[in-house]
Amino acid sequence: MNENLLRLNQKVAIITGAGSSGPGVGTGKAISILFAKQGCKVVLVDNNKDRVKETLDLILDEGHEAISITADVTNNSDCKRIVDTALDTYGRLDTLINNVGVLAPGNVINLKESDYDKVMNVNLKSMVLMSKHSIPKIIEAGGGSVINMSSFLGVRSGSVFESVPYSVSKGAIIALTTTMAAEHGREGVRVNAIAPGNIYTPMVAGNLDQHQRELRRKAAPLGSEGTAWDVAWASLFLSSDEARWITGVVLPVDGGLLTTSPLTMFEHLI
Ligand SMILES: NC(=O)c1ccc[n+]([C@@H]2O[C@H](COP(=O)([O-])OP(=O)(O)OC[C@H]3O[C@@H](n4cnc5c(N)ncnc54)[C@H](O)[C@@H]3O)[C@@H](O)[C@H]2O)c1
């Protein structure tokens, strides 16, 4: 392929949560594969060693450039090690994809305090720590992009589960994104969030029965099921130079879900 047509040619990206596996492709895995196909050198991060190696092998087998790192992104020294390894291996950093996220159930009455703390740590603090170490290196590279993975649940309620810990973390990620965009814009760093809708990935597959899966599909105007590839294509655009004047946005990738209320979709749900 003509290298000039590759959207991320010679760029270097760190992608967290790149090692998901199971029914439905995980978002981190899809982003990693798509970015590598687009000429990007990808640094794959996950706390599951075997699964991140699976993603690595898929990319290397296709002749693209990647390394994998097993790390816990809630740990500050692990986050520093990830960024140091990216720099030691590829000499620069252009893009950070803060994709890691976990679920825990509960409303404010029945949630477990330990679940709340865990979700805030994994979903939110990890993005702060990864950004803390990555942004100075992105600035050194002359500017670049960060994407924080939020959710439609960070904007409004509407999960098939009670979801206070998850939703609160995803709302805070939007505040993190707009604040980072304002504070690092003059340094050439664009920071955007993606708010995926109901996507069928390994993270949710184990928690859904067939009926819930169908309800999630039918709840959005387009009426089709979202996949990790939909989020990966949006991430590719926001990370590319074509998005050079876009920062601080929250991009829904949701089949139109955020435009609706339950009554709009009533006839499709009964
Ligand atoms: N699936 C959906 O319907 C949906 C909807 C909205 C938003 N999202 C968000 O999109 C992102 C990706 O979701 P997904 O469903 O594709 O998951 P995914 O398949 O990308 O899996 C997440 C990965 O993160 C890894 N991980 C978890 N904790 C970690 C830690 N402490 N350190 C390192 N790695 C860790 C897991 O091993 C897993 O491989 C998440 O932030 C999620 O909240 C998903």
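The values are calculated or read from the model by the stated rules, or taken from the named source; none is laboratory data. All values reported here derive from a predicted model rather than from experimental measurement. Cβ: placed from backbone, ideal geometry, glycine included. Neighbour counts: every protein chain shown.
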**Prompt:** Does region 233-270 hold any residues that are in contact (Cβ under 8 Å) with a residue 40 or more places away in the chain, more than 19 Å from residue 170 (Cβ to Cβ), small (Gly, Ala, Ser) and not in a helix (DSSP H, G or I), and which are they?
**Reply:** 240
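Quick check on my filter: what residues within region 126-164 are basic (Lys, Arg) and surrounded by fewer than 19 Cβ atoms within 10 Å (Cβ to Cβ)?
Of everything in region 126-164, those that are basic (Lys, Arg) and surrounded by fewer than 19 Cβ atoms within 10 Å (Cβ to Cβ) turn out to be 132, 156.
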**Fill in**
If you go through 149, 120, the only one that is in contact (Cβ under 8 Å) with a residue 60 or more places away in the chain and hydrophobic (A, V, I, L, M, F, W, C) is 149
**Asked** Quick check: anything in region 199-209 in contact (Cβ under 8 Å) with a residue 24 or more places away in the chain, surrounded by 14 or more Cβ atoms within 10 Å (Cβ to Cβ), of a type in the set (S, T, N, Q) and more than 10 Å from the ligand (Cβ to nearest atom)?
**Response** no
**Message:** Which numbered condition in (1) of a type outside the set (A, V, I, L, M, F, W, C); (2) closer than 27 Å to residue 229 by Cβ; (3) surrounded by fewer than 16 Cβ atoms within 10 Å (Cβ to Cβ) is the only one that residue 167 fails?
**Reply:** (3)
**Message:** Please go through region 72-101 and give me each residue that is buried (at least 21 other Cβ atoms within 10 Å of the Cβ) and farther than 20 Å from residue 191 by Cβ, ordered by number.
**Reply:** none
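Let's see how each residue does on (1) at pLDDT 95 or above; (2) aliphatic (A, V, I, L, M); (3) farther than 24 Å from residue 203 by Cα:
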site: 29; (1), (2), (3): yes, no, no
site: 32; (1), (2), (3): yes, no, no
site: 43; (1), (2), (3): yes, yes, no
site: 56; (1), (2), (3): yes, yes, no
site: 68; (1), (2), (3): yes, no, no
site: 77; (1), (2), (3): yes, no, yes
site: 80; (1), (2), (3): yes, no, yes
site: 84; (1), (2), (3): yes, no, yes
**Request:** Could you check region 147-232 for helices (runs of 4 or more DSSP H) lying wholly inside it with 3 or more residues that are among the aliphatic types (A, V, I, L, M)?
**Result:** 164-184, 202-205
**Asked** Can you name the residue in region 4-50 that is surrounded by fewer than 23 Cβ atoms within 10 Å (Cβ to Cβ), touching a Gly at 6+ places or on another chain (Cβ under 9 Å) and among the charged types (D, E, K, R) and is also farthest from residue 189 (Cα to Cα) among such residues?
**Response** 50
**Message:** Residue pairs, Cβ under 9 Å, 6 or more apart or interchain, first in region 98-109 and on the phi > 0 side of the Ramachandran plot, second more than 14 Å from the ligand (Cβ to nearest atom) and among the hydrophobic types (A, V, I, L, M, F, W, C). List them.
**Reply:** 106/164
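Could we say that residue 165 is away from the ligand (no atom under 11 Å from the Cβ) and touching a Phe, Trp or Tyr at 6+ places or on another chain (Cβ under 7 Å) here?
yes
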